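Only one structure is covered here, and it is reproduced in the block below.
The values are calculated or read from the model by the stated rules, or taken from the named source; none is laboratory data. This one's a predicted model, so the numbers in the text were calculated from it and none came from an experiment. Here the Cβ positions follow ideal geometry from the backbone for every residue, glycine too, while neighbour counts run over all protein chains shown. With ligands, DNA and RNA removed, areas are computed over all heavy atoms of the protein, side chains included. Shrake-Rupley method; radii C 1.70, N 1.55, O 1.52, S 1.80 Å.
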Amino acid sequence: MLGELLTDRGETLATAESLTGGLVGSTVTDVPGSSAYFDRGFVTYAYDAKREMLGVTREALDEHGAVSGPVAREMAAGARDHADTTWGVSTTGVAGPGGGTAEKPVGLVYVGVAYAAPWGTRDSFTRSVRAEFPGDRDAVKRASVERALAELVRAIRGVER
């Protein structure tokens, strides 16, 4: 479904992943022919990787932490812009079993989506969604991948061509 949407529209995708460690990109490339629309994936687990590879600002990381809507949006935009693709999608969260807090419990995930509209249209955007998933580390990571791809498909369908 995602591949057909992107191919039909002549659009491309890059991923930026933290907690999923490349699973979003792997899932996308499990589909034969994905090279027609998938450009690259950035696995940016550490703060420095997010800053260096995606241009996530120190201020966003310092103020909100890596597990946040603002950082998810900056990650998605960074993937989109550094790869020069139409779309960027990102995942950041707490997969567990440790690392959770009262404010950011295990299973908390943010998915970011960024769209590059044609220049001059002012229709480009970034957005993020917050989700919480139950289960062990593997379950949280897999649910995060599913949610990221579902949010991406939803965003693509929302942009008229």
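When each of Thr7, Thr92, Thr85 is tested for being assigned to a loop (DSSP other than H, G, I, E, B) and either surrounded by 16 or more Cβ atoms within 10 Å (Cβ to Cβ) or more than 16 Å from the chain's Cα centre (by Cα) (or both), the lone residue that passes is Thr85. Whether a residue is farther than 22 Å from Ser124 by Cα, surrounded by 23 or more Cβ atoms within 10 Å (Cβ to Cβ) and either touching a residue at least 12 places away in the same chain (Cβ under 8 Å) or aromatic (Phe, Trp, Tyr) (or both) was assessed, and Thr20 passes this test. Within the range 41-67, residues that are free of Cβ contacts under 8 Å to residues at least 40 places away in the same chain sit with their Cβ atoms under 9 Å from residues that are of a type in the set (Lys, Arg) and assigned to a loop (DSSP other than H, G, I, E, B), at 6+ positions apart or across chains, in these pairs: Gly65/Lys104. Inclusion of Glu132 among residues that are open to solvent by 40 Å² or more (accessible area, probe 1.4 Å), free of Cβ contacts under 8 Å to residues at least 40 places away in the same chain and either more than 20 Å from Thr12 (Cβ to Cβ) or touching a helix residue (DSSP H, G or I) at 6+ places or on another chain (Cβ under 8 Å) (or both) is warranted.
Checked against (1) in contact with a Phe, Trp or Tyr (Cβ under 8 Å, 6 or more places away or on another chain); (2) in contact (Cβ under 8 Å) with a residue 60 or more places away in the chain; (3) hydrophobic (A, V, I, L, M, F, W, C); (4) assigned to a strand (DSSP E or B), Val140 passes all but a single condition, namely (4). Of all the listed residues (Glu146, Glu151), the sole one being among the acidic types (Asp, Glu), in a helix (DSSP H, G or I) and open to solvent by less than 60 Å² (accessible area, probe 1.4 Å) is Glu151.
Is it the case that the range 154-161 has a residue that's more than 16 Å from the chain's Cα centre (by Cα), at pLDDT below 95, at negative phi and of a type in the set (Lys, Arg)? Working first, answer last.
If we filter the range 154-161 for residues that are more than 16 Å from the chain's Cα centre (by Cα), which is where we start, we get 157-161.
Filter again for at pLDDT below 95, leaving 160-161.
With the extra rule that they be at negative phi, the set shrinks to 160-161.
Filter again for of a type in the set (Lys, Arg), leaving 161.
Scanning the range 154-161 turns up at least one residue that is more than 16 Å from the chain's Cα centre (by Cα), at pLDDT below 95, at negative phi and of a type in the set (Lys, Arg).
Taking the range 95-128 as the range and being in contact with a helix residue (DSSP H, G or I) (Cβ under 8 Å, 6 or more places away or on another chain) and part of a loop (DSSP other than H, G, I, E, B) as the test, the residues that pass are Ala95, Gly96, Pro97, Val106, Gly107, Ala116. Under the condition of being within 17 Å of Val71 (Cβ to Cβ) and either of a type in the set (Val, Ile, Thr) or modelled with pLDDT under 95 (or both), the residues counted in the range 101-132 number 7.
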